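The values are calculated or read from the model by the stated rules, or taken from the named source; none is laboratory data. Since we're looking at a predicted model, the values are computed, not measured. Glycine gets a Cβ as well: all are built from the backbone with ideal geometry, and neighbour counts include every protein chain shown.
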Amino acid sequence: MENRPYDAQRLARCASEIASSVRELSARGWTPATSSNFSMRLDERHVAITVSGRDKGRLTDDDVMVVDLSGSAVATDHRPSAETLLHTQLYARFPDVGCVLHTHSLNQTVASRLYAGAGQLRLEGYELLKAFNGNTTHEAAIDLPVLPNSQDMHTLAAQVDALLDNQPVWGYLIDGHGLYAWGRDMGEARRHLEAFEFLIACELELRRLHA
Ligand SMILES: CSC[C@@H](O)[C@@H](O)C(=O)COP(=O)(O)O
Ligand SMILES: [Zn+2]
């Protein structure tokens with residue numbers, strides 16, 4: 001058996017968890033045209049992440065590879081997600097982060113366009129705010145940041161770093177692009193992702209109704 005610098009059994013479990021979760025999210029239409037990327041922490045130095053360009057609706061365990069915290073591929077010739085740096089920066093900065101999910105749903109993308117000027121979308125007064133750690137009441141508010149898009153990952157990562165310096169957040173939108181959300185494990189990251197998606201949809205619907 002080859003000697004790998006990470007636990008191969010943990011990789012197998014994470015790859016399976018990522019692939020099945022991603023297929024579910026894809027079935028909801030949140031990952032059009034091969035977009036979106038997903039990862040889980042393997043250990044202090046390694047991350048399991050989706051291979052770049054794969055069809056997320058048909059994702060298999062083999063479409064998940066390993067990178068180190070600088071984003072370099074480990075023990076594989078596969079190319080990691082083009083947005084790997086946006087994942088690894090969270091793992092490097094927060095030892096508690098165990099899973100990062102990035103999707104391109106219609107609601108996320110439309111909201112990112114509408115609120116890019118304001119730089120954030122305020123989510124306030126919703127029972128579902130309790131899906132985020134630390135919130136115990138609907139009488140709360142979360143400002144979901146909206147960052148300018150860039151094809152230069154270092155530019156994007158610098159914007160995210162500045163954001164994380166200023167406030168505790170569980171996710172952010174990128175203008176015309178999509179949503180990043182994370183948590184301590186897949187369950188928590190999905191809860192955050194689904195809560196953001198639902199609350200964003202509520203805000204868009206209220207705008208449509210001019211409420
Ligand atoms: C198919 S366009 C979307 C990509 O540019 C990117 O934003 C994305 O989410 C997926 O990139 P990937 O390299 O497959 O992880
Ligand atoms: Zn993307």
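Within the range 160-193, take every residue that is acidic (Asp, Glu) and more than 16 Å from Asn135 (Cα to Cα) and give me the one that is nearest to ligand 2 (Cβ to nearest atom). Per the stated criteria, the residue is Asp175. Selection within the range 77-86: residues that are in contact (Cβ under 8 Å) with a residue 12 or more places away in the chain and away from ligand 2 (no atom under 11 Å from the Cβ). The member of this set that is surrounded by the fewest Cβ atoms within 10 Å (Cβ to Cβ) is Arg79.
Does any residue of the range 195-202 turn out to be of a type outside the set (A, V, I, L, M, F, W, C), within 16 Å of ligand 1 (Cβ to nearest atom) and either farther than 16 Å from Ser36 by Cα or not in a strand (DSSP E or B) (or both)? The answer is yes, given that some residue of the range 195-202 is of a type outside the set (A, V, I, L, M, F, W, C), within 16 Å of ligand 1 (Cβ to nearest atom) and either farther than 16 Å from Ser36 by Cα or not in a strand (DSSP E or B) (or both). Taking strands (runs of 3 or more DSSP E) as the structural unit, those lying wholly within the range 121-191 and holding at least 2 residues that are over 30 Å from Ser16 (Cβ atoms) and away from ligand 1 (no atom under 16 Å from the Cβ) correspond to 141-147.
Restricted to the range 33-62, and to residues there that are of a type in the set (Lys, Arg) and within 15 Å of ligand 1 (Cβ to nearest atom), the residue that is surrounded by the most Cβ atoms within 10 Å (Cβ to Cβ) is Lys56.
Val110 meets the conditions (1) part of a helix (DSSP H, G or I); (2) within 22 Å of Ser16 (Cβ to Cβ) in every case but one. The failed one is (2).
What about Ala92, is it more than 17 Å from the chain's Cα centre (by Cα), of a type outside the set (D, E, K, R), surrounded by fewer than 20 Cβ atoms within 10 Å (Cβ to Cβ) and more than 30 Å from Ala201 (Cβ to Cβ)? Against the criterion (more than 17 Å from the chain's Cα centre (by Cα), of a type outside the set (D, E, K, R), surrounded by fewer than 20 Cβ atoms within 10 Å (Cβ to Cβ) and more than 30 Å from Ala201 (Cβ to Cβ)), Ala92 does not qualify. Going through (1) within 14 Å of ligand 1 (Cβ to nearest atom); (2) outside any loop (DSSP other than H, G, I, E, B); (3) crowded, with 20+ Cβ neighbours inside 10 Å one by one, Trp30 falls short only on (2). Could you grab me the full set of residues in the range 109-151 that are of a type in the set (Gly, Ala, Ser), loosely packed, with under 14 Cβ neighbours inside 10 Å and at pLDDT below 95? Within the range 109-151, just Gly134 meets the criteria. Among the residues of the range 143-179, those that are charged (D, E, K, R), more than 15 Å from the chain's Cα centre (by Cα) and within 18 Å of Ala116 (Cβ to Cβ) comprise Asp143, Asp152.
For the range 72-90, name all the residues that are assigned to a loop (DSSP other than H, G, I, E, B) and within 12 Å of ligand 1 (Cβ to nearest atom). First the steps, then the outcome.
Here is the first cut: in the range 72-90, the residues assigned to a loop (DSSP other than H, G, I, E, B) are 72, 74-79, 81-83.
Scanning the range 72-90 gives His78, Arg79, Ser81, Ala82, Glu83.
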